[in-house]
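Heads up, the thing below is written out as C-alpha cells.
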Amino acid sequence: MTEKYFVECGCGIKLRVELFEAGTTKLCPSCKSEVKVPSSTKLKELSGDKYPLLRPIEKIQQALSNREPPFDGQCHGCDVEQATYQVPVTLSMMVERSVNDEGGLRPTVTGNILLYTGAAEELWQSTTLPLLLCPRCHLRFQAANFRAKIYRLIKTFSLLVLGSAFLCFAYFYTELIAALAGVISLIGAIAWMIQFRHTKKLDPFVNEWLCQIRWVPEALAAEDEFQLSVGESSLFTPREVTA
Ligand SMILES: [Zn+2]
Ligand SMILES: [Zn+2]
C-alpha cells in the first residue's frame, strides 16, 4: 500500500499530488486556477499521518499504543469489517551490530588463508503488532498458514526421500555417481539461490498479509535485517465506545 496525497482546490475538486510536488503549484483541471501544494510534512498530515516525522516503525508503535488507525479495530484483510481476531506478529529489527575487538577472536581457516572473526555484538529491537482480522479473513489466514506449514513439511519430506534414494542408488551404481552428483548439485545450487532470495526477508504468505497494514511495507523496506515470527491467534475485543 503506497500513500496517496491530495490537495483540495477552492472549487472543491481534490487533486492527487506526489510527495515531490510539495511546495509547488498545480493547475486545477476543473476551474483552471492555481493550487498551492503544501509542505511534505503537511501533506503527510493531511493524508492521515499524525506523525509525519517519525520512522515507519515508530509510527506503528505510536499508533499501536494509542489504538489509532491502522490498529483501531478495522480488519487488515478486507479493510471493511470489524476485526474479531488478532494474530501477534513480532518484528525484530537489528538496530546495531558492532565488532568487539577485546578478545573473542576466533581464527577461521579457508584454504591457506587465516581469517580472524571478531565476536560480533548485535542489538535487536522487537515490536509485536497485531494482525487484526474479521471472522472471514481470519479463516482465509488460517487456511494460508496451514498451506504454508504443509508446504514446508512436504519440502522436508521430499528432501529426505531424495537423499535416501540417492544413497541407495550410490550403493549399487557407483560409476554413474560422479556425473549425477554434478547435475544434482547444480540444480540444488539454483534451487537454493531461488529459495534464499525468497526467504531472506520473510515467508511470502506472511508478507502478503502484513503488507496490507499501513506503514509496515515502509518499515520493512527501511530495515536491512529483520526477523518475523507469527504467534497464535486469539480473540480481539474492540475498544468500548464511550458516548
Ligand atoms: Zn479548481
Ligand atoms: Zn476482513
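Scan region 42-88 for residues that are within 24 Å of residue 144 (Cβ to Cβ) and away from ligand 2 (no atom under 16 Å from the Cβ) and report the count.
3
If you take just the strands (runs of 3 or more DSSP E) that sit entirely in region 70-156, which of them hold at least 3 residues that are modelled with pLDDT of 85 or more and in contact with a helix residue (DSSP H, G or I) (Cβ under 7 Å, 6 or more places away or on another chain)?
85-100, 119-133
From the residues in region 41-51 that are closer than 12 Å to residue 3 by Cα and assigned to a loop (DSSP other than H, G, I, E, B), which one is nearest to ligand 1 (Cβ to nearest atom)?
47
Could you look through region 14-40, keep only residues that are in contact with a Gly (Cβ under 9 Å, 6 or more places away or on another chain), within 13 Å of ligand 1 (Cβ to nearest atom) and not basic (Lys, Arg), and pick out the one that is nearest to residue 52 (Cα to Cα)?
Ranking the qualifying residues of region 14-40, first place goes to 35.
Of the residues that make up region 61-84, is at least one away from ligand 1 (no atom under 16 Å from the Cβ), β-branched (Val, Ile, Thr) and not assigned by TED's automatic domain parsing to the domain that holds residue 130?
Looking through region 61-84, none of the residues is away from ligand 1 (no atom under 16 Å from the Cβ), β-branched (Val, Ile, Thr) and not assigned by TED's automatic domain parsing to the domain that holds residue 130.
For residue 169, are the conditions met, namely being away from ligand 1 (no atom under 16 Å from the Cβ), in a helix (DSSP H, G or I) and touching a residue at least 12 places away in the same chain (Cβ under 8 Å)?
no
Could you say whether any residue in region 179-190 is surrounded by 10 or more Cβ atoms within 10 Å (Cβ to Cβ), closer than 27 Å to residue 87 by Cβ and either without any contact (Cβ under 8 Å) to a residue 12 or more places away in the chain or more than 16 Å from ligand 1 (Cβ to nearest atom) (or both)?
There is no residue in region 179-190 that is surrounded by 10 or more Cβ atoms within 10 Å (Cβ to Cβ), closer than 27 Å to residue 87 by Cβ and either without any contact (Cβ under 8 Å) to a residue 12 or more places away in the chain or more than 16 Å from ligand 1 (Cβ to nearest atom) (or both).
The values are calculated or read from the model by the stated rules, or taken from the named source; none is laboratory data. What you see is a predicted model; the values in this text were computed from it and never measured. Every residue, glycine as well, gets a Cβ built from its backbone with ideal geometry; the counts of neighbours run over all protein chains shown.
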